[in-house]
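Okay, so here's the structure we're looking at.
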Amino acid sequence: MRDQYLVSVIRDGSDGEVAAVMKSILDRARVNEWTDETILVSAHIIERDLKVRNEIAAAKNLDVCLRFLRSGQRPFVKKCGEEQGGMYCVSYKDIITEQIWVCVYDIIQERLGSKHRDIFQLLRFKKYVEQKQMEHELLLDAKYLKRLIFELMSENFIHPKEVYRPGDSTCSKPFVILHINMPRVVMMVTECCYISLTNLTGRHLYENNLNKSLINKNQRHTALLENLVHQGYSEDSAEIIDCQNNLTPLERAKVEKLTKASKDVKLSQIRLTETLFLLNLYWRYYKV
């Protein structure tokens, strides 16, 4: 499941050739289920595996695909030697950690906004920051920034810490710096995902029970219509037309609305389940 998830992330962010190369590396280099890194695998072996799997385009463009996987501040693949065309490994820990950060960025963007995300990103890379320093870094008004910080703190995305300046006496007033306690953030987001999943499923069941008779009627109508088509009746036959009139325009519109809502719920459930899977992976690689 973990490897499938990583391959799907690559596929969503690039193309099938790069994803095929990533899959080949993971399949060949996998060792203990929860090690931080895979064993080394050579470019020659990756190319041979791709050809065996009939991934000819990926094998032909292997160098380009490997460069893509090694690019960026948080690469998916590391080059660890020059033997046999190059030796490569995958750092599960680094990839999962980066995907967690990206996941939280997206959640903040969706729930609060882009400015909140900018603050969170700044804290990630600066570790500890005073509000004054944030004003300078982000070019934001002090009062506006204070509100953004309060909203992030209220949602438990960032956390305050009181410290004393070096050399100050114990009687001096501490000042507040902001930081991110990522384990707390992951726990909070996980809890929110479980609550959202429960509420989503409960609401979906409630709507279905509320419209149970209409749903059953539509199922009988659909089955009858399919049976008539299977028997060879044309679309303009009296039997088909009579069957189509079993549902009133109002009922038909209601069924379409319920069907669309059901599809939206299923997509949301899939997204939440994938997010929870990623969040649970965090604890596999988290070390105090």
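Name every residue in region 64-103 that is under 28 Å from the mean Cα position of the chain (by Cα), of a type outside the set (A, V, I, L, M) and over 26 Å from D118 (Cβ atoms), in order of residue number.
In the first step, residues of region 64-103 are kept if they are under 28 Å from the mean Cα position of the chain (by Cα); the result is 64-79, 88-103.
Filter again for of a type outside the set (A, V, I, L, M), leaving 65, 67-68, 70-76, 78-79, 88-89, 91-94, 97-99, 101, 103.
Those that are under 28 Å from the mean Cα position of the chain (by Cα), of a type outside the set (A, V, I, L, M) and over 26 Å from D118 (Cβ atoms): C65, R67, F68, R70, K78, K79, Y88, C89, S91, Y92, K93.
Among the residues of region 120-143, how many are assigned to a helix (DSSP H, G or I) and either touching a residue at least 24 places away in the same chain (Cβ under 8 Å) or over 18 Å from Q109 (Cα atoms) (or both)? Explain how you work it out, then say what you get.
Step one: of region 120-143, the residues assigned to a helix (DSSP H, G or I) are 120-126, 131-138, 142-143.
Of the ones still in play, those that are also either touching a residue at least 24 places away in the same chain (Cβ under 8 Å) or over 18 Å from Q109 (Cα atoms) (or both) are 120, 123-124, 126, 131-137, 142-143.
So the count comes out to 13.
Between a residue in region 70-84 that is closer than 15 Å to A19 by Cβ and part of a strand (DSSP E or B) and any residue that is at pLDDT 75 or above and not aliphatic (A, V, I, L, M), which pairs come within a Cβ distance under 8 Å, given they are 6 or more apart or on different chains?
Short answer, once both residue conditions are applied: V77/R70; V77/Y88; V77/C89.
Taking region 170-195, which residues are exposed (fewer than 15 other Cβ atoms within 10 Å of the Cβ), in contact (Cβ under 8 Å) with a residue 24 or more places away in the chain and part of a helix (DSSP H, G or I)?
Matches in region 170-195: P183, R184, Y194.
Filter region 70-97 down to the residues that are in contact with a strand residue (DSSP E or B) (Cβ under 8 Å, 6 or more places away or on another chain) and farther than 20 Å from L278 by Cα and list them by number. Step through it out loud before you land on a result.
At the first step, the residues of region 70-97 found to be in contact with a strand residue (DSSP E or B) (Cβ under 8 Å, 6 or more places away or on another chain) are 70, 76-81, 83-93.
Across region 70-97, the qualifying residues are R70, K78, K79, C80, G81, E83, Q84, G85, G86, M87, Y88, C89.
Rundown of residues vs (1) in contact with a Gly (Cβ under 9 Å, 6 or more places away or on another chain); (2) at pLDDT 80 or above; (3) under 30 Å from E98 (Cβ atoms), yes/no style:
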residue	(1), (2), (3)
H204	no, yes, no
N216	no, yes, no
H221	no, no, no
A253	no, yes, no
E256	no, yes, no
Q269	no, yes, yes
Y282	no, yes, yes
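Taking L138 and the conditions (1) at pLDDT 90 or above; (2) within 30 Å of P75 (Cα to Cα), which numbered condition does it fall short on, given that it satisfies the others?
Among (1) at pLDDT 90 or above; (2) within 30 Å of P75 (Cα to Cα), the lone unmet condition for L138 is (1).
Would you mind telling me which numbered condition in (1) at pLDDT below 85; (2) open to solvent by less than 60 Å² (accessible area, probe 1.4 Å); (3) touching a Phe, Trp or Tyr at 6+ places or on another chain (Cβ under 9 Å); (4) of a type outside the set (A, V, I, L, M) G86 fails?
Exception for G86: condition (3).
The values are calculated or read from the model by the stated rules, or taken from the named source; none is laboratory data. Quick caveat, the model's predicted, so the values are computed rather than measured. Counting neighbours? That spans all protein chains shown, and the Cβs are built from the backbone with ideal geometry, glycine included. When the accessible area is computed, the model is the full protein with side chains, heavy atoms only, and any ligands, DNA or RNA have been set aside. Shrake-Rupley method; radii C 1.70, N 1.55, O 1.52, S 1.80 Å.
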